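Colleague: Below you'll find the structure I mean.
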Amino acid sequence: MNKVVLAYSGGLDTSVAVAWLKEQYGAQVVTLTVDLGGGSIREGVERRAMSAGASKAYVVDARETFVSQYVWRALQAGAVYQGAYPLATALARPLLAQLLVEVAQKEGADAVAHGCTGKGNDQVRFDVAVHALDPGLEVIAPMRVGMGLTRDQEIDYANQRGIEIPITKASPYSIDVNLWGRSCETGVLEDPWVTPPADAYEWTVAPADALDPVDIVIGFEGGIPVSIDGERLESVELVQRLHDLGGRHGVGRIDHIEDRLVGIKSREVYEAPAAVILHTAHHALEGLVLSKEQLRFNHLVGNEMAQLIYDGLWFSALSRDLRTYVMSSQRVVSGDVRIRLDHGQAIVAGRRSPLSLYDKSLATYDEGDAFDHASAVGFIEIFGLPLRVEAARHGAVGKHHGAAWTWTDPLLAELPATVTEQEPVAG
Ligand code: ARG
């Protein structure tokens, strides 16, 4: 092996990985650090990479690409994993993989490397995405193939080699951040019954401590947010503003038992103020401008997209095809949504659009009603026809061929009469 490009956060694990890769493979190590916002980039990261023995250190600001090519696609699709997780970490992986591959090709490297463990989703996402973009590249995950050191061992390892290590104190959690969200896991959070302690949160105040409620108006064009309270903003700035504002109102805390790709249930605490506000607003606007059939189908597509993103399949053919559908469905998703930020909640308070399908003269119960009530009779006659045929041929519900007949669900018999306290599984 000649050269490896390592996804480098500047933390202890990846700093040690630089030296470890050099020693283990006798290869040059080029590091790549990507700024995805949300404080994802640490101070002095280039210097630290070089002190760990990197032959070159790339630092790339990819915030704009991240938002416009990944985050907006997920927002337009309404992609939220298991109805809870707005996918901040998951969305960043294909972009990081893409940048790793770009640098690897430019540098003529034979491999890329990342600091993921062998137990999470991120390793899968990296490996799969890198190979979708360049099947010829090897992917090395030092943590998965023998670099397994404890934190203290890593500190010794670094000290012995004069590697500058970050002076931050060890966090009780494993954390990943970018401007779409903050993911926090492990430590006391591993007990799903434990209330997340205050120190699990960094971006949001406790809802009880939030400022007085405030209304904001978010403007959308083609399913993409473009303004706040009438002020047009660039995508990164817009997300940043909602992040700050939402955080001050305690909006965006998510406590989720999540199904990992590798078959484990895990407990994650997320903070995603901008994502929660924007998904809420986008969904409200879609309700105004899309047909009920589009809404029904978009819901399926959004769930499928969420699964694909979560599973690291951003570059799959299906994912591309669905993104094309979503783009098309968003052509009329333009208008304003007023959101009230109120002690941890983002509540839809109003919506309007020049492309609205809402027609007051059809909806009203007051004067000016244009709906033809008499036509409803004929509509129901035809709409209810199949049920009347069923009742005539198979017997009305509750009656069977004329005899009185009560239907009981046979599965009910299999349920335990009382739920008993469960013993923990050994091991
Ligand atoms: N469970 C989330 C996901 O798979 C977040 C993982 C983030 N990593 C972390 N160290 N907290 O997308």
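Colleague: Anything in the stretch 301-321 that is among the aliphatic types (A, V, I, L, M), within 23 Å of PRO135 (Cβ to Cβ) and surrounded by 15 or more Cβ atoms within 10 Å (Cβ to Cβ)? List them, or say none.
Modeller: Of the stretch 301-321, the ones among the aliphatic types (A, V, I, L, M) are 301, 305-306, 308-309, 313, 317-318.
Filter once more, so that each one left must be within 23 Å of PRO135 (Cβ to Cβ): 308-309, 313, 317-318.
Hits for the stretch 301-321 are LEU308, ILE309, LEU313.
Colleague: List every residue pair whose Cβ atoms sit under 7 Å apart, with the two residues 6 or more apart in sequence or on different chains, where the first one lies in the stretch 163-182 and is within 28 Å of GLU23 (Cα to Cα) and the second, anywhere, is in a loop (DSSP other than H, G, I, E, B) and β-branched (Val, Ile, Thr).
Modeller: From the stretch 163-182, the pairs are SER174/THR186.
Colleague: Among GLY53, GLY120, which is the only one that is small (Gly, Ala, Ser) and closer than 30 Å to ASP255 by Cβ?
Modeller: Values: GLY53 fails: closer than 30 Å to ASP255 by Cβ.
Of GLY53, GLY120, the one residue that is small (Gly, Ala, Ser) and closer than 30 Å to ASP255 by Cβ is GLY120.
Colleague: Inside the stretch 83-102, can you point out the residues that are assigned to a loop (DSSP other than H, G, I, E, B) and either out of contact with any helix residue (DSSP H, G or I) (no Cβ under 8 Å at 6 or more places or on another chain) or surrounded by fewer than 24 Cβ atoms within 10 Å (Cβ to Cβ) (or both)?
Modeller: The answer is GLY83, ALA84.
Colleague: So, ALA57, is that one touching a residue at least 60 places away in the same chain (Cβ under 8 Å), more than 16 Å from the ligand (Cβ to nearest atom), closer than 30 Å to GLN160 by Cβ and not β-branched (Val, Ile, Thr) or not? I'd like the intermediate steps shown before the answer.
Modeller: Working: touching a residue at least 60 places away in the same chain (Cβ under 8 Å): no; more than 16 Å from the ligand (Cβ to nearest atom): yes; closer than 30 Å to GLN160 by Cβ: yes; not β-branched (Val, Ile, Thr): yes.
It is false that ALA57 is touching a residue at least 60 places away in the same chain (Cβ under 8 Å), more than 16 Å from the ligand (Cβ to nearest atom), closer than 30 Å to GLN160 by Cβ and not β-branched (Val, Ile, Thr).
Colleague: Across the stretch 152-162, which residue is surrounded by the fewest Cβ atoms within 10 Å (Cβ to Cβ) among those that are without any contact (Cβ under 8 Å) to a residue 40 or more places away in the chain and either near the ligand (Cβ under 9 Å from one of its atoms) or of a type in the set (D, E, K, R) (or both)?
Modeller: At the first step, the residues of the stretch 152-162 found to be without any contact (Cβ under 8 Å) to a residue 40 or more places away in the chain are 152-153, 156, 159-160.
Now restrict to residues that are either near the ligand (Cβ under 9 Å from one of its atoms) or of a type in the set (D, E, K, R) (or both): 152, 156.
Values: ASP152: 9, ASP156: 13.
By that ranking, first place goes to ASP152.
Colleague: Kindly evaluate ILE175 against the criterion of being within 22 Å of the chain's Cα centre (by Cα) and more than 16 Å from the ligand (Cβ to nearest atom). Spell out how you get there, then give the answer.
Modeller: Values: within 22 Å of the chain's Cα centre (by Cα): yes; more than 16 Å from the ligand (Cβ to nearest atom): no.
No, not satisfied.
Colleague: Among the residues of the stretch 146-169, is any in a helix (DSSP H, G or I) and touching an Asp or Glu at 6+ places or on another chain (Cβ under 6 Å)?
Modeller: Taking the stretch 146-169 and keeping what is in a helix (DSSP H, G or I), we get 151-160.
Remaining after also requiring touching an Asp or Glu at 6+ places or on another chain (Cβ under 6 Å): none.
No, that holds for no residue.
Colleague: Looking at (1) within 22 Å of SER15 (Cα to Cα); (2) away from the ligand (no atom under 16 Å from the Cβ); (3) of a type outside the set (D, E, K, R), which is the only condition LEU133 fails?
Modeller: With respect to (1) within 22 Å of SER15 (Cα to Cα); (2) away from the ligand (no atom under 16 Å from the Cβ); (3) of a type outside the set (D, E, K, R), LEU133 is out only on (1).
Colleague: What do you reckon, is SER319 within 18 Å of ARG73 (Cα to Cα), touching a Leu at 6+ places or on another chain (Cβ under 6 Å) and either among the polar types (S, T, N, Q) or outside any loop (DSSP other than H, G, I, E, B) (or both)?
Modeller: On the way: within 18 Å of ARG73 (Cα to Cα): yes; touching a Leu at 6+ places or on another chain (Cβ under 6 Å): yes; either among the polar types (S, T, N, Q) or outside any loop (DSSP other than H, G, I, E, B) (or both): yes.
Yes: the conditions hold for SER319.
Colleague: While we're here: Would it be correct to say that ALA200 is touching a residue at least 12 places away in the same chain (Cβ under 8 Å), within 16 Å of the ligand (Cβ to nearest atom) and of a type in the set (Gly, Ala, Ser)? First the steps, then the outcome.
Modeller: Numbers: touching a residue at least 12 places away in the same chain (Cβ under 8 Å): yes; within 16 Å of the ligand (Cβ to nearest atom): yes; of a type in the set (Gly, Ala, Ser): yes.
Yes; evaluated as a whole, the condition is true for this residue.
Colleague: For the structure I just gave you, tell me whether ASP122 is at pLDDT 90 or above and within 16 Å of the ligand (Cβ to nearest atom).
Modeller: Numbers: at pLDDT 90 or above: yes; within 16 Å of the ligand (Cβ to nearest atom): yes.
For ASP122, the condition - at pLDDT 90 or above and within 16 Å of the ligand (Cβ to nearest atom) - is met.
Colleague: Any residue in the stretch 96-124 that is hydroxyl-bearing (Ser, Thr, Tyr) sitting within a Cβ distance under 9 Å of a residue that is away from the ligand (no atom under 16 Å from the Cβ) and not in a helix (DSSP H, G or I)? List the pairs, counting only those 6 or more apart or interchain.
Modeller: THR117/GLY148
Colleague: Now for a separate question. Any chance you could count how many residues in the stretch 389-409 are modelled with pLDDT of 70 or more and either exposed (fewer than 10 other Cβ atoms within 10 Å of the Cβ) or not acidic (Asp, Glu) (or both)? Give the steps one after another, and end with the answer.
Modeller: Of the residues in the stretch 389-409, the ones modelled with pLDDT of 70 or more are 389-397, 409.
From the residues that got through so far, the ones that are either exposed (fewer than 10 other Cβ atoms within 10 Å of the Cβ) or not acidic (Asp, Glu) (or both) too are 389, 391-397, 409.
Count: 9.
Colleague: Sticking with this structure for a sec: Tell me which strands (runs of 3 or more DSSP E) are completely within the stretch 206-297 and hold 2 or more residues being touching a helix residue (DSSP H, G or I) at 6+ places or on another chain (Cβ under 7 Å) and under 25 Å from ALA90 (Cβ atoms), or say none if there are none.
Modeller: Details: elements: 214-221, 224-228, 253-259, 265-271.
Hits in the stretch 206-297: 214-221, 224-228, 265-271.
The values are calculated or read from the model by the stated rules, or taken from the named source; none is laboratory data. Just so we're clear, the structure is a prediction, and the values are computed from it rather than from any experiment. Here the Cβ is made from the backbone with ideal geometry for all residues, glycine too, and neighbour counts use every protein chain on show.
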